[in-house]
Amino acid sequence: MNFRKRIGRGPATPFNGFVRHFLVSGALIAACLLPAPVTAQEKELFTPDHVARLRYVADATISPDGKRIAYVLSIPRKPGKDESGPAWAELHVVSDQGESKPFVTGEVNVGAIAWTPDGKSISFLAKRNGDEHKSLYRIPVDGGEARNILSHETDIAEYSWSPNGKRVVFRAKDKEPKERKKLEDKGFNQEIFEEQDQAPRVWVAVVDDDEAKPKMLDLPGVPSDLVWSPVGTWIAMALAPTSHIDDHYMERKLHVFDVDTEAIVSSFQNPGKLGKSKWSPDGKFLAFPSAEDRHDPMEGRLIVANPADGSLKDILPQYEGHVRSIAWQDNDTIMYLGDKGVWTELSEMRRDGTERKTHLPVGKWVLSRLTLSSDGQSAVMISDSPTHPSEVFFMRHGESAPRRLTDSNPWLADMRFARQEVVTYKARDGLRLEGILIHPLDPKPGTRVPLILHAHGGPESHYRNGWLTAYSRPGQVGAANGYAVFHPNYRASTGRGVVFSKLDHGDPAGKEFDDLVDGVDHLIDVGLVDRDKVGI
């Protein structure tokens, strides 16, 4: 049976019929989200209270010697007790054997963590101890307090260390004009889209010298994604014509700038969207994710750039996935995480596009944020799964699989998890699609269940077969209340290459919409879902 016909979708009002029959009622949502009275049995079930307790690893980076990993732990505020606001972000360090220690904790928001080039300290951005703006801090890894080493008249947005650790390049916006501040104080505080942006600038500062003043670089564009070369005085950065959001997405081009001569060394005509670049250890090449062309919705091709001649090479042409994270293992080898379908692979290849080798094939892992030790023999990634949010995972050369180093939510061991599986179905035009289904926790044989369809945004996005429960995702909470929760990767989702991600072009909300309906049809046809109890 065709679900579209059952819900009475007419050609003249394609969305109204869908809304009328397909949207869940407020009572259905409330039944899913409101916790019931707690009993001994129900303590094992997921409730919104449990969701509000979840901690997760937001960032992680391995030390140069590969023995320690700095990571950011997201700590949610306690509902009804703490002041409203985003989760706190703490700095922790875990050894390669899984011994974790807190470094900067409490009511803090640590970000942009990095190891100093000598590996003796961890740097980060934060606003602490009465700071007026977000500043650069450094904390010794073997003991000592975090120290403010660089402040600016506005928030420091990003930074990168010079090879010897004596200088940093950083980005910060201009100070708000005094006249505008006076007008805002008088009530003229309307936000006017793209007319009130303060232009970001790039500065170079000498650290550990209170007398040295930062020097602003004269750049032909709006900068972002600063990366100092591991050798010499070159900095890679993206430059856009303006700070407008469309230019940021579509017009940023990669440049190499020499700090000492204050000149652009090389410019690259990367096509379309641009990911963050990484230098080879010898500073001779850059690698970065890029769009294939201007019409490619997502940066997912693996490009190698040569600053000597300005050339670009796609070393993974026709890749049926999207490159998510990259790191240089040595001067000639790039390791990368690639999303393929609902999984992630860990592979490596030569910078000339040859000798591709896969270390972790698809079918088990969901991974992100790859970093390598200086010798390229130890790797750190963040991974999540259907039974735990993101944690730090470690893998040494020669090991068959990553080892989990952190356990940020030990109480999850006492929770009951509903079964989660990858579902494959066909769209009405024959296209093969995937989705992730969380079954009701306690299904009754032969009984159809209500369904919550959870459609991702974008469509430059896709669901991976990992942790799918959060404040905006019913996940295990819905399953504990008897619902099936389905996450379809409709056409134009990422994770399946450029051709698949373009399948919505010229047909906005057309076949994409059909894919959602066809996914529900499939779950009805296999006998799982009650067609009269479907919500989105």
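The values are calculated or read from the model by the stated rules, or taken from the named source; none is laboratory data. The shown structure was predicted, so the numbers you read here are calculated from the model rather than taken from an experiment. With ideal geometry, Cβ positions are generated from the backbone for all residues, glycine too; neighbour counts draw on all protein chains shown. Ligands, DNA and RNA are stripped out before the accessible areas are found, and what is left, the full protein with its side chains, is counted by its heavy atoms. Shrake-Rupley method; radii C 1.70, N 1.55, O 1.52, S 1.80 Å.
All told, Ser74 meets the bar of being open to solvent by less than 60 Å² (accessible area, probe 1.4 Å) and farther than 19 Å from Arg171 by Cα. Is it the case that Phe103 is under 21 Å from Ala58 (Cα atoms), open to solvent by 50 Å² or more (accessible area, probe 1.4 Å) and of a type in the set (Phe, Trp, Tyr)? It is true that Phe103 is under 21 Å from Ala58 (Cα atoms), open to solvent by 50 Å² or more (accessible area, probe 1.4 Å) and of a type in the set (Phe, Trp, Tyr). Based on this model, can you work out whether Phe170 counts as aromatic (Phe, Trp, Tyr), out of contact with any Gly (no Cβ under 8 Å at 6 or more places or on another chain), farther than 21 Å from Pro102 by Cα and modelled with pLDDT under 95? Considered against the rule, which asks whether it is aromatic (Phe, Trp, Tyr), out of contact with any Gly (no Cβ under 8 Å at 6 or more places or on another chain), farther than 21 Å from Pro102 by Cα and modelled with pLDDT under 95, Phe170 comes out as no. Among the residues making up region 359-384, those that are farther than 25 Å from Glu460 by Cα and open to solvent by less than 60 Å² (accessible area, probe 1.4 Å) are His359, Leu372, Ser373, Gly376, Ser378, Ala379, Val380. Step by step: first the residues of region 375-416, then only those that are assigned to a strand (DSSP E or B) and of a type in the set (Phe, Trp, Tyr), then the one that is nearest to the chain's Cα centre (by Cα). Which residue is that? Per the criteria, the residue is Phe393. Just a yes or no: is a residue in region 397-404 open to solvent by 20 Å² or more (accessible area, probe 1.4 Å), free of Cβ contacts under 8 Å to residues at least 60 places away in the same chain and farther than 30 Å from Ala70 by Cα? Scanning region 397-404 turns up no residue that is open to solvent by 20 Å² or more (accessible area, probe 1.4 Å), free of Cβ contacts under 8 Å to residues at least 60 places away in the same chain and farther than 30 Å from Ala70 by Cα.
Quick grid of which residues meet (1) of a type in the set (Gly, Ala, Ser); (2) closer than 15 Å to Ala327 by Cα:
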site: Glu345; (1), (2): no, yes
site: Met349; (1), (2): no, yes
site: Thr354; (1), (2): no, no
site: Ala379; (1), (2): yes, yes
site: Thr387; (1), (2): no, no
site: Arg404; (1), (2): no, no
site: Gly435; (1), (2): yes, no
site: Pro440; (1), (2): no, no
site: Ala455; (1), (2): yes, no
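Does Leu437 qualify as being within 26 Å of Asn409 (Cβ to Cβ), over 27 Å from the mean Cα position of the chain (by Cα) and not hydroxyl-bearing (Ser, Thr, Tyr)? Judged against the criteria, Leu437 is not a match. Annotation note: Cβ proximity below 9 Å between a residue of region 61-77 that is part of a strand (DSSP E or B) and a residue that is of a type in the set (Lys, Arg) (sequence gap 6+ or interchain) occurs for Thr61/Arg369; Ile62/Arg68; Leu73/Arg55; Ser74/Arg55; Ile75/Arg55.
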